[in-house]
Amino acid sequence: MITTTTTTESQPTSYAEQGNAPVRPAKGMKFMGAAANYVDERTSISGLVKEVGRKIFPDHWSFMLGEVALYSFVVILLSGTFLTFFFQPSMAEVTYNGSYVPLKGIDMSAAMQSALNISFDIRGGLLFRQIHHWAALLFIAAIGLHMLRIYFTGAFRKPREINWFIGFVLFILALAEGFTGYSLPDDLLSGNGLRIIDGMVKGIPVIGVWISYLLFGGEFPGTAVVSRLYSLHIMLLPALLIAMLGAHLLLLIINKHTQFAGPGKTNNNVVGVPVMPVFAAKAGGFFFIVFGVIVLIASLFTINPIWNYGPYDPSPVSAGTQPDWYIGFADGALRLAPPHWEVVWGGYTVSFNILVPIVVLMGLLATVAFYPFIEGWVTGDKREHHILDRPRNAPTRTAIGAALMTLYAALWAAASSDLMATHFKLSLNQVIHVMQFLTVIGPFIAFWITKRVCLALQKKDREIVLHGHESGRIVRLPGGEYIEVHEPLTDYERWNLVSYNEYEPLMVRPNARGVVTPIERIRASVSGFFFEDRISPVTKAEIEAAHHDSHAEIDGGPGGKH
Amino acid sequence: MADHDDETPQAGSAVEKSEPLKVSAGTAVIPTDPFENPGEPAHHLRVTDIDPVEEKKAARQVSTLFFASIVFSCLAVAAYIAFPITPGDTGSIRLNNLFLGLGIALGLLAIGIGAVHWSKTIMPAREITEMRHGTRGSDATRAKAAEVFELGNKESGFGRRSLIRNSLFGALFAFILPGVVIFRDLGPKVDPNVVLRHTLWKKGMHLTLDPSGTRIKAADVTLGSAFHVIPESLLESEDLLEEKAKAAVLVMRLNPDDLNEPEGRENWQYNGIVAYSKICTHVGCPVALYEQQTHHLLCPCHQSTFDVTDNCKVIFGPASRPLPQLPITVDAEGYLVAQSDFHEPVGPSFWERDRA
């Protein structure tokens, strides 16, 4: 290692100096050299290779979640392209006469028929349908977990707020891709999903009926919606997704990756493995692992057996209808509205039973989308942050995250209220009431518990820093007193526990013109909410005091500020 | 190192970076006497770094995995040929799906595991440190960028020539309008508020079974039974699904004493046989579950529950309005017929629903 952690003593003259071994010309180098020269003389690509070829990527298992999302998206593109070669996005009525005997002679749309043909008449067709669907589920799940990782470690702070927002847009686009794709086969289950969308859209004041009418090309279900969703699903949404993904990755490279605090790691360096060759091999290999796992699941487990549901018909529906899991939180929100929330005002119908769930969902999503900007405004911290927080060291942020997750989870679980009732032999009505309670009160409980747990963990950290690890060794002092011997921490261990950011609540002060603006007042109260209860990191002075008074009672040691 | 050590900074170079400036730390507490970063801990060598035998073994494992991948991919091709699909035989599809999938999956996994194993055992494990640079461009770069804008402004007169500028803004706004208007014909010309209020039901229309279309004799509707019903003309309708989405009806027979009809609707039932719209007034799912004992109708989508004995009033769930009732009677031969269309729009609520 040439560069030290805090200062740049000397610049390495070549990459070989950074690694272990000097670069030796290898076999086949002559051809590669000629090829590289050919390309560079026409593209100037050597500059890019020099820039990013030895870029450093820090290593941590949680950093792979975004990679899983990226790779499953590639799998979706590949498998989806194969499906487009066979799928017919048409709602023209046909009589099924394919290989699947139970549906023979049944009227359905050409879309449903071609989806069945993909499943039953094309070798590997069912496999690719299942790869596509499983990969889509993994895509959205990985995005969700990736967002949680970013959130709870504070990786969204300056300079990455914009990239967080781009990531949020990607999440929404992924949901839209999921829903449009889910609706394409025109089977009974997806048709009921569209029916619900139709009903929700009609509930929008003033323009609802017209939007539904234009979307479906007339009355629901019409003969247009599948081909329209298809255009969105395979063209507009993927184009947006790829563009946003490009911006997301470009900003990742520009901002460089964050890293967890640790000895040798500072806010001004990146410690990790270089792109060429280690990260490339790991990430490239990981792509094949993700791809392989998706194909393995697709070859072993059925997903979306449309042949069991049959073609869409507005009259039948199966009990226990469930949307794909990622739409669950929206469906659950609809289920939780109590009866009779619709009102007629001045002759116009206002469907609060639909509007309130939509507003709650929008509020949840907007909080997620804008959280980095809110926190940045509260702290007023304009520094760049490249060192990740341990979730416990940002108790209020972590607690807000837990509260939002609880809200999401309650809405999501509510989408299975009927299945919970039948499986656990509960009253359906009681399950809904419990979910209503959890939706409204649950986030507050989660906030309180999480914040207390974070503060307790921080206190525990302080205790360890001040008094060392418990060794389990009890000794008797000459005076007869028994104490447990505590082993002091190494410098490395201590660094992990003391190097974190601390914020104080904002004191309201008049600005340059001697005025306290209302905005500043609000900011101060939000800042108080964030940082009133906090545990400060141990200082050098405190450690020294603890050393001088090594017999101090553990719990009586200098605690946090309250 | 993404340093520009050997590059002469050129005007307009977008990648130039500056060291971070002194910026406000907001309400952050800056420790006066911070701990020293102890620096990177000692690097531990792996067994493959120390023992050439182990290194060789790892290299062999990697190439074995890559060779295995070739074999699995070939097996996938073999499975494609060896497990054809026999029409009508779902077992053949299962085998095709399973073995083709396993071949591809194992081929992919072997590549992936091989590459990761390679990077973890043979490639250098030692971490490298790279310095970060402030994201913000250097002052010189920013000054150049500002100069570019200034020049652009000066040479075009964008700021000065307000008439040109504002008329351009107007034009850029106006040019979007046809792009919005053009979507009007996504839907047909008729006003949705007219079509949403009418279904196929009309005076004398026979109630028929869904999906066969056979007429229903009132005498065949036994106490406690429920029928899924469509209008007789539906099967000949051109817009079958659209009409069915509005006209689907549930017919149930209850003890006439259990029914509490509101005023004016006493004659909408026949001998305890009542007909209600099957389309949920919440968001339009079919209210397909009938609990015979309690006389409740349950929507399986969002669990809105309607009490048939009480004019299908909502007793649970997110729906607000009762299911619309279809007035029915019998014809001369005893078959169930409608007295008229529904007296209100069926299905989900909408803004103009309660307008005349």
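All of the numbers you see were taken from the coordinates with simple rules; none came from a lab. Given the structure is predicted, the values throughout are model-derived calculations rather than measurements. Heads up, the Cβs are rebuilt from the backbone with ideal geometry, glycines too, and the neighbour counts pull from every protein chain shown.
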List the lysines whose Cα lies under 27 Å from the Cα of A:Lys50, skipping any in the same chain that are fewer than 8 positions away. A:Lys27, A:Lys30, A:Lys158, A:Lys256, A:Lys265, A:Lys282, B:Lys17, B:Lys120, B:Lys144
Take every DSSP beta bridge with both residues inside the protein assembly as shown and express the antiparallel ones as a percent of the total, to the nearest 5. 95 percent
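Once you have a ≥ b ≥ c as the square roots of the Cα gyration tensor eigenvalues for region B:259-344, tell me rounded if a/c is under 1.5, and otherwise prolate or oblate according to whether a/b is larger than b/c.
In terms of gyration-tensor shape, prolate.
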Compute, for chain A, the length of the dipole vector about the Cα centre, with Cβ point charges of +1 (Lys, Arg) and -1 (Asp, Glu) only. Units Debye, rounded to 20. 840 debye
Pair-distance profile P(r), taking every C-alpha pair of region B:47-121, with 10 angstrom steps and integer %: 21, 33, 22, 15, 8, 2, 0
Whole-Hz Karplus ³J(HN,Hα) for region A:379-394, in order, using 6.51 cos²θ - 1.76 cosθ + 1.60 and θ = phi - 60°, x for Gly and Pro? 6, x, 7, 9, 6, 7, 10, 10, 9, 6, 7, 6, x, 5, 7, 10
Can you show me the helix-derived [θ] at 222 nm for chain B, built from DSSP H runs with n ≥ 4 at -39,500 (n - 2.57) apiece and divided by the number of residues, rounded to the nearest 500. -10500 deg cm²/dmol
Under 5 Å, built H, 5+ apart or other chain: amide partners of A:Phe57: A:Val273, A:Val275
Among all the aspartates and glutamates, which ones have a C-alpha under 19 Å from B:Lys217's C-alpha, if same-chain residues fewer than 8 places away are not counted? B:Glu232, B:Asp331, B:Glu333
Cut-off under 5 Å, modelled amide H: who pairs with B:Tyr270 long-range: none
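Would you mind giving the mean number of other chain beta-carbons within 10 Å of the Cβ of each residue in A:499-506, as a whole number? Present the calculation step by step, with values, prior to reporting the outcome.
Numbers: counts 4, 0, 4, 5, 5, 4, 1, 2.
Neighbouring Cβ atoms belonging to other protein chains average 3 per residue here.
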Taking every residue in A:125-132, how many Cβ atoms of other protein chains lie within 10 Å of its Cβ, on average? 4
Per the helix-only model, chain A has a calculated mean residue ellipticity at 222 nm (DSSP H runs of ≥4, -39500 (n - 2.57) each, divided over all residues, rounded to the nearest 500) of -18500 deg cm²/dmol
Qualifying lysines (Cα of each under 28 Å from Cα of A:Lys202; at least 8 residues distant if same chain): B:Lys189, B:Lys202, B:Lys244, B:Lys246, B:Lys278, B:Lys313
Taking a ≥ b ≥ c as the square roots of the eigenvalues of the Cα gyration tensor of region A:229-315, is the shape rounded (a/c under 1.5), prolate (a/b larger than b/c) or oblate? prolate
In percent, how large is the relative contact order of chain B, given Cα pairs closer than 8 Å and 6 or more residues apart? 13 percent
Mind checking the dipole of chain B: about its Cα centre, +1 per Lys or Arg Cβ, -1 per Asp or Glu Cβ, Debye to the nearest 20? 580 debye
Counting only other chains, and only Cβ atoms inside 10 Å, what mean value do you get across the residues of A:331-337? 4
Please state the shape class of region A:86-389: rounded when a/c is under 1.5, otherwise prolate if a/b exceeds b/c and oblate if not, all from the C-alpha gyration tensor. oblate
Along principal axes, Cα extents of region B:140-183, largest first, whole Å: 49, 23, 9
